[in-house]
């Protein structure tokens, strides 16, 4: 005969587990928001864990339980900003990235790539620049900057190769040079220059990037 006490207890566990998971996710989100702000404002070396905890409204013990080191905290904050969520799927393997590569209309493929790049840099561009600026003084930041640059170039090369295989690249342009062009024009450095330094709007930046990439890669306007 079923035990009504245990049955009732078992019914409560999934609910309690879900509530705990929601609370943990909310705490991580507050920590990420605080960390992103401080890393962007003060740089990597100028940001201290106790300041992150205070701004996030959590105890230092809670912060260190989740992220034992500042490098772990930065890596998590940057990774989620790049991906847009906490799912453990790298950007090159995400459905939206693969869909861009498989898009048969070349101008549309570039437009979708620009949309994805713009969204990513709006979320993560400032943090990416933190890794670039700190790379010379910190081995963790150097490794992060190098890994990010390599992954980004791989995405650009995959798109450029797909365009070349479809015969879409303008005459005289090979896939690697096309990838180099994407890598330079769609870089976080260019985004920082135009969006942060020159004050371009998001829409103006997106439109400019699409226009110059279509012209440079396809030879059309």
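The values are calculated or read from the model by the stated rules, or taken from the named source; none is laboratory data. Since we're looking at a predicted model, the values are computed, not measured. All Cβ positions, glycine included, derive from the backbone under ideal geometry; neighbour counts span all protein chains shown.
Key figures
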{"item": "Scope segment 77-106; condition in contact with a helix residue (DSSP H, G or I) (Cβ under 7 Å, 6 or more places away or on another chain) and surrounded by 16 or more Cβ atoms within 10 Å (Cβ to Cβ); matching residues", "result": "77, 78, 80, 81, 82, 83, 91, 97, 100, 101, 103, 106"}
{"item": "Complete set of residues in segment 169-221 that are modelled with pLDDT under 95 and closer than 17 Å to residue 112 by Cβ", "result": "220"}
{"item": "Filter result for residue 148 (part of a helix (DSSP H, G or I), in contact with a helix residue (DSSP H, G or I) (Cβ under 6 Å, 6 or more places away or on another chain) and modelled with pLDDT of 90 or more)", "result": "no"}
{"item": "Any hit, segment 129-140, residues being assigned by TED's automatic domain parsing to the domain that holds residue 187, crowded, with 17+ Cβ neighbours inside 10 Å and under 16 Å from residue 34 (Cα atoms)", "result": "yes"}
{"item": "Condition broken by residue 168, with the remaining ones in (1) without any contact (Cβ under 8 Å) to a residue 60 or more places away in the chain; (2) buried (at least 16 other Cβ atoms within 10 Å of the Cβ) satisfied", "result": "(1)"}
{"item": "Pairs where the first residue, in segment 20-38, is in contact (Cβ under 8 Å) with a residue 40 or more places away in the chain and the second is surrounded by fewer than 15 Cβ atoms within 10 Å (Cβ to Cβ) and outside any helix (DSSP H, G or I), C-beta under 9 Å, 6+ apart", "result": "25/86; 28/86"}
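Quick grid of which residues meet (1) surrounded by fewer than 18 Cβ atoms within 10 Å (Cβ to Cβ); (2) under 22 Å from residue 82 (Cβ atoms):
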{"site": "163", "(1), (2)": "no, no"}
{"site": "172", "(1), (2)": "yes, no"}
{"site": "180", "(1), (2)": "yes, yes"}
{"site": "184", "(1), (2)": "yes, yes"}
{"site": "194", "(1), (2)": "yes, yes"}
{"site": "198", "(1), (2)": "yes, no"}
